[in-house]
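Just below is one structure, and these are the notes that go with it.
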């Protein structure tokens, strides 16, 4: 269980390719599109690290950017890159991790599916170890016969969990696609960050699904 799945090795390689100077115009355009869906962030913001990591998950697994990067990787990483393209996103309750690569019991709040998955990224493991009841917006990929959690998993505030669960139930009942629902939740978290003296239940609201 200690070895990283090939999809995570491919993720690291794609991340390096995305940093190349000839890709920055495209990457910045994708970042702007991501911010339109989820909320703005810059390097000066205290929430920058969490959001740039979530953006990297989006960039390296979705659409034309994934296909563009995929065309340039080494042949031995191609299968892992294809697996990244088939990753799925959910909103999960996580068992606290005990070690890198250790099985974690996760439950997706959107469809109530249960999985056993692994995490290897040190910052992600640190974040998961610090929470009790928080919910996590994460992408999960099937690779090397395991489900692996990608590094950009986004942890919502623990004190917002009940309000988030109410929003998720309403969104599912209204037939919102999972990606749209999760983006709206990230918008709500952004509002909690940028507005002063507001409580989670004032921004994580069912009515805000329409905003």
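Where the second residue is surrounded by 21 or more Cβ atoms within 10 Å (Cβ to Cβ) and not in a strand (DSSP E or B) and the first is free of Cβ contacts under 8 Å to residues at least 24 places away in the same chain and lies in region 128-150, which pairs have Cβ atoms under 9 Å and are six or more apart or on separate chains? What qualifies is 145/5. Based on this model, can you work out whether residue 168 counts as over 22 Å from residue 8 (Cβ atoms), under 12 Å from the mean Cα position of the chain (by Cα), in contact (Cβ under 8 Å) with a residue 40 or more places away in the chain and crowded, with 18+ Cβ neighbours inside 10 Å? Spelling it out, it is not the case that residue 168 is over 22 Å from residue 8 (Cβ atoms), under 12 Å from the mean Cα position of the chain (by Cα), in contact (Cβ under 8 Å) with a residue 40 or more places away in the chain and crowded, with 18+ Cβ neighbours inside 10 Å. Over 22 Å from residue 48 (Cα atoms), at pLDDT 95 or above and either assigned to a helix (DSSP H, G or I) or in contact with a strand residue (DSSP E or B) (Cβ under 7 Å, 6 or more places away or on another chain) (or both) - does that describe any residue in region 116-136? Scanning region 116-136 turns up no residue that is over 22 Å from residue 48 (Cα atoms), at pLDDT 95 or above and either assigned to a helix (DSSP H, G or I) or in contact with a strand residue (DSSP E or B) (Cβ under 7 Å, 6 or more places away or on another chain) (or both).
Residues that are touching a helix residue (DSSP H, G or I) at 6+ places or on another chain (Cβ under 6 Å) and either over 21 Å from residue 178 (Cβ atoms) or free of Cβ contacts under 8 Å to residues at least 12 places away in the same chain (or both) within region 84-95 are absent altogether.
No other residue among 23, 51, 30, 3 is modelled with pLDDT of 95 or more and either within 30 Å of residue 194 (Cβ to Cβ) or surrounded by fewer than 19 Cβ atoms within 10 Å (Cβ to Cβ) (or both) apart from 51. Can you name the residue in region 187-198 that is without any contact (Cβ under 8 Å) to a residue 12 or more places away in the chain and in contact with a helix residue (DSSP H, G or I) (Cβ under 9 Å, 6 or more places away or on another chain) and, of all such residues, is surrounded by the fewest Cβ atoms within 10 Å (Cβ to Cβ)? The extreme case among them is 195. Of the residues in region 111-122, none is closer than 24 Å to residue 184 by Cα, in contact (Cβ under 8 Å) with a residue 24 or more places away in the chain and crowded, with 20+ Cβ neighbours inside 10 Å. When restricted to residues that are part of a loop (DSSP other than H, G, I, E, B) and out of contact with any strand residue (DSSP E or B) (no Cβ under 8 Å at 6 or more places or on another chain), region 149-177 contains 6. Can you tell me which residue within region 199-211, out of those that are loosely packed, with under 13 Cβ neighbours inside 10 Å and in a helix (DSSP H, G or I), is nearest to the chain's Cα centre (by Cα)? For region 199-211, the residue satisfying everything is 210.
The values are calculated or read from the model by the stated rules, or taken from the named source; none is laboratory data. It should be emphasised that the depicted structure is a prediction, and the values quoted were computed from it without experimental measurement. Here Cβ is always computed from backbone atoms with ideal geometry, including for glycine, and neighbour counts include all displayed protein chains.
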